[in-house]
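Have a look at the structure below, then the notes.
The values are calculated or read from the model by the stated rules, or taken from the named source; none is laboratory data. What you see is a predicted model, and the numbers here were worked out from it, not measured in a lab. Note: ideal-geometry Cβ built from the backbone for every residue, glycine included; neighbour counts use all protein chains shown. Surface areas here come from the heavy atoms of the whole protein model, side chains and all, with no ligands, DNA or RNA. Shrake-Rupley method; radii C 1.70, N 1.55, O 1.52, S 1.80 Å.
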Amino acid sequence: MIGMIIYGLVNSAVFVLMAIGFSLTFGISGIANFAYGAFYITGAYVCWHLFNSLGLYYPIAIALAVLASGLLGTLVYRYLLFRIRGISLSEVIATFGLGIGMLELYRSIGLTGHSYKLSVFVEGAVEVFGVYVDYQRLIILGLGVFLLILLWAFTHHTRIGLAFRGIAQDEQTALCFGIETENISVLSFAIGSALAGLAAITIMPLSLLAVEEGGNVLILVLAVGIVGGLESTLGVVVASLIFGFSQIIMATYFSPHYSMIVTLAAIVVILAVKPSGLFGKFKELEERV
């Protein structure tokens, strides 16, 4: 039971790391970044090449890869999304097409196979309440908690963070108060993309680096967003706990193959019962008609 709790928390932290960048971007700019899985893979591949091909010190490779993901997000917003912002269907089609294109480009130039694997940050394991847990999983758990605290402090105690919250609540009113909404939106997109890269670099040492993970991550991130509420950080946490523990329970008592079925079933149920998600703020059907 203790082992299930510990690994359930670690698995929940994996979902938090995956989804928090997507939620931040959508909450501020209103853009559902369907290229998120491609940004996720980009961060991991850039880090791998910086470390293995160029021989950079691993922490430096990590930092540069995260910055590269954020820069790519900035360029995508400035030269693609800026022109179509506010047209929801166009945003979805553009980001989805861009994501598929990026992933297929990586596949075509040979960035796939067993030769690509990120190194763990720290080798070894430690015993926690009689359960052995490797350091990488503890780092994932710690980083997930740290990012949530950092995000709360940033949005409540910095001028840019308060501008983030202002735009999230009412963009037109924020514009009247002199907040440059486009600059804040592009910053949110860049930070969300950087967080996607950081998540990949932290999580992927536990598995092989593969292009297919981009699509899988996008599905999981959308599941967390739909269940918790696309623009809600609290919703991300709650949904991550639900999915994190449900996957561990399914793997322990049934079969790991059922995990994705549980995820998709949760999406269907939430959309049928509460379309805005558990903590979503969008109007429900009865409020729109």
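Structural remarks
- For the range 233-261, residues that are over 14 Å from L17 (Cα atoms) and surrounded by fewer than 22 Cβ atoms within 10 Å (Cβ to Cβ) total 16.
- Each residue in the range 65-105 was checked for being within 26 Å of N52 (Cα to Cα) and surrounded by 18 or more Cβ atoms within 10 Å (Cβ to Cβ), and 10 pass.
- Residues located in the range 105-136, provided they are in a helix (DSSP H, G or I) and either at pLDDT below 85 or out of contact with any Phe, Trp or Tyr (no Cβ under 8 Å at 6 or more places or on another chain) (or both): L105, R107, S108
- Of all residues in the range 215-274, those satisfying the criterion of being in contact (Cβ under 8 Å) with a residue 60 or more places away in the chain and more than 22 Å from T25 (Cα to Cα) are G244, F245, Q247, I248, I249, T252.
- Any hit, the range 154-162, residues being under 27 Å from I41 (Cβ atoms) and at pLDDT 80 or above: yes
- Cβ-Cβ under 8 Å pairs, at least 6 apart or on other chains, the range 142-159 side within 14 Å of G21 (Cβ to Cβ) and open to solvent by less than 50 Å² (accessible area, probe 1.4 Å), far side of a type in the set (S, T, N, Q) and modelled with pLDDT under 85: L148/T233; L151/T233
- Count - residues of the range 212-232 that are open to solvent by less than 30 Å² (accessible area, probe 1.4 Å) and either over 30 Å from G110 (Cα atoms) or touching a Cys at 6+ places or on another chain (Cβ under 7 Å) (or both): 6
- Residues of the range 262-289 that are modelled with pLDDT under 70 and open to solvent by 80 Å² or more (accessible area, probe 1.4 Å): K281, F282, K283, L285, E286, E287, R288, V289.
- Filtering the range 23-43 to residues that are at pLDDT 90 or above and crowded, with 23+ Cβ neighbours inside 10 Å leaves A35, Y36, G37, A38, F39, Y40, I41, T42, G43.
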